[in-house]
Amino acid sequence: MTFLHRSWRLALAIGLLLVAGATVAPVLAQEGAVSIAGLAFQPSTITVAVGDTVTWTVTESIGAQHSVTSGKPGGADVGKEFDSGFGLQNNGESYKFTFQKAGTYDYFCQVHPTQMTGQIVVTAAGGSAPPASQAPASEAPASEAPASEAPASGPPASGAPAGSPAVTPPPVSPEAGEPFPPENRLIAAGVLGVALVLLFAASWLWRRMNPA
């Protein structure tokens, strides 16, 4: 009888630990997922943090091969960061890549370069903006200097050639804003707090049911 009681209590404590671990794990390990559906990457742009792994999975096969290749079609850096090869064709086939540096990574399918393109925005620890999206901004002051010297033509000059190169990268920054780093840190802290409470409760329950 005593053995059965102790076994039940131990099972209860282990169950609480498993529940706590299952609750915390998804928050601490944020992974990115992209579907290859037909002739599209869905979603076409996602934001992850440094150290996260992105998985591309064929979910809607059209019987044709696909690739996940970094860079832009015709660019000099094609495949420099990552390249899956042409092994993505059937439903369920996938490719994974772990991002170790912050930045904005364009990618495309070498088989369908005009139809299948995407982008991964990798934020640095603490949710700071990726260097790649900041680089053009650092050049902006030099190009905006003439505009500041000619205030009379302010509105028209803001759309002048000096602004157009610097404005090209920012479409990424709204999406790279702060999708989840700050919120996730608060959520993770809350979940960890709940996990600690559960662990202390399990420990207290164990001691109460098994007096020395």
Condition broken by residue 60, with the remaining ones in (1) farther than 16 Å from residue 114 by Cα; (2) modelled with pLDDT under 95 satisfied: (2)
Kindly check whether there is at least one residue in the range 82-89 that is at pLDDT 95 or above, touching a strand residue (DSSP E or B) at 6+ places or on another chain (Cβ under 8 Å), within 14 Å of residue 33 (Cα to Cα) and in a loop (DSSP other than H, G, I, E, B). no
Within the set of pairs 6 or more residues apart or between chains, which connect a residue that is at pLDDT 60 or above inside the range 115-132 to a residue that is of a type in the set (S, T, N, Q) with Cβ atoms less than 6 Å apart? 118/44; 119/45; 121/47; 121/104
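Among 71, 75, 79, 103, which is the only one that is crowded, with 18+ Cβ neighbours inside 10 Å, more than 16 Å from residue 41 (Cα to Cα) and assigned by TED's automatic domain parsing to the domain that holds residue 125?
Details: 71 fails: more than 16 Å from residue 41 (Cα to Cα); 75 fails: crowded, with 18+ Cβ neighbours inside 10 Å; 79 fails: crowded, with 18+ Cβ neighbours inside 10 Å.
None of the others qualify; the one that does is 103.
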Within the range 68-105, take every residue that is in contact (Cβ under 8 Å) with a residue 40 or more places away in the chain and more than 14 Å from residue 119 (Cα to Cα) and give me the one that is farthest from the chain's Cα centre (by Cα). 88
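The values are calculated or read from the model by the stated rules, or taken from the named source; none is laboratory data. It should be emphasised that the depicted structure is a prediction, and the values quoted were computed from it without experimental measurement. Backbone-built Cβ (ideal geometry, glycine too); neighbour counts: all protein chains shown.
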